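A.B. asks: Just dropping this structure here.
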Amino acid sequence: MKWIKVILIGMAATFSMDVVMKTAMYLLSIAPTNIHPAAAFLYNLGIEQSLFSSLVHYSYGTLWAFVFLYAFEYEVSVKRGLQLAVALWFFMMLVYSPIIGWGFFGIGNAELLSPGHPLYLSSTIEYLFITLLVHLAYGTVLGMLSRKLIVRN
C-alpha cells in the first residue's frame, strides 16, 4: 500500500510543477522555452510525441519520490523536499540542460536558434527562474504530502 501512496505523491508533486509552469507562462508571460524540457530531450532523440514526454516527466518525478521516501524514511519534511528539489535543479542545470542543447545553466547557443525552433531558448534568466521555481514547487508538495500521508506523527 505504501508504494501506491508514493506513486500518487510523486505524480501530485510533478503535477504541481506543471501547474506552476503554466501559471508563470499565462499570468507572468514567462515562457523561455518552446517545449517542455522532457519533450526537448525526446526531440533530440527524434521522438516528437507530447504524450510520451508527459509520461517520461511523470515517471521521472515519481522515481524521485521513491528515492526521497526510501532514502529519508521517517525524516521527510518540506525542508528535505526542498533540498532534494534544489539538488535536482542543479542536476538539470549541469547534466540535463546541456544534453538537451540549452547549455550549462541555460548558457549556450539555443538563443541563436530561430524563435520557432523547438529548442529555442529565449532568455537564460527566465529559464533559470522558471526551472528553479517549478523544482521548488515539486519539493514543497513532495515534502508536505510525504509527511502527511506516509510518516505518522
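A.B. asks: Going by amide H atoms built from the backbone, whose H comes under 5 Å of the H on residue 76, apart from near neighbours?
C.D. replies: Counting only residues 5 or more places away or on other chains, the set is empty.
A.B. asks: In addition: Under a straight-distance cross-link criterion of Cα-Cα below 21 Å, which lysines are reachable from residue 148, leaving out those fewer than 8 residues away in the same chain?
C.D. replies: 2, 5, 79
A.B. asks: Still on this structure, I have one more. Explain nothing, just compute: Karplus ³J(HN,Hα) = 6.51 cos²θ - 1.76 cosθ + 1.60, θ = phi - 60°, for every residue of the stretch 89-102 in order, whole Hz, x for Gly and Pro.
C.D. replies: With coefficients 6.51, -1.76 and 1.60, one gets 5, 4, 4, 4, 5, 8, 10, 5, 4, x, 4, 5, x, 9 Hz.
A.B. asks: Pop out the ³J(HN,Hα) list for the stretch 61-73 in order, Karplus 6.51 cos²θ - 1.76 cosθ + 1.60 with θ = phi - 60°, rounded to Hz; leave Gly and Pro as x.
C.D. replies: Per residue, the Karplus-derived 3J(HN,Hα) values read x, 6, 4, 5, 5, 4, 4, 4, 6, 7, 7, 9, 6 Hz.
A.B. asks: In 5 Å bins starting at 0, how do the alpha-carbon pair distances of the stretch 47-91 split up by percent?
C.D. replies: For the stretch 47-91, the binned pair fractions read 5, 19, 23, 22, 14, 9, 5, 2, 0 percent.
A.B. asks: Given the DSSP H assignment, sum -39500 (n - 2.57) over each helix run of at least 4 residues in the chain and divide by its residue total; what's the result at 222 nm in deg cm²/dmol, nearest 500?
C.D. replies: It comes out at -22000 deg cm²/dmol, rounded to the nearest 500.
Quick note: the coordinates plus some simple rules give every number you see, no bench work behind them. Bear in mind the structure is a predicted one, so any value in this text is a computation, not a measurement.
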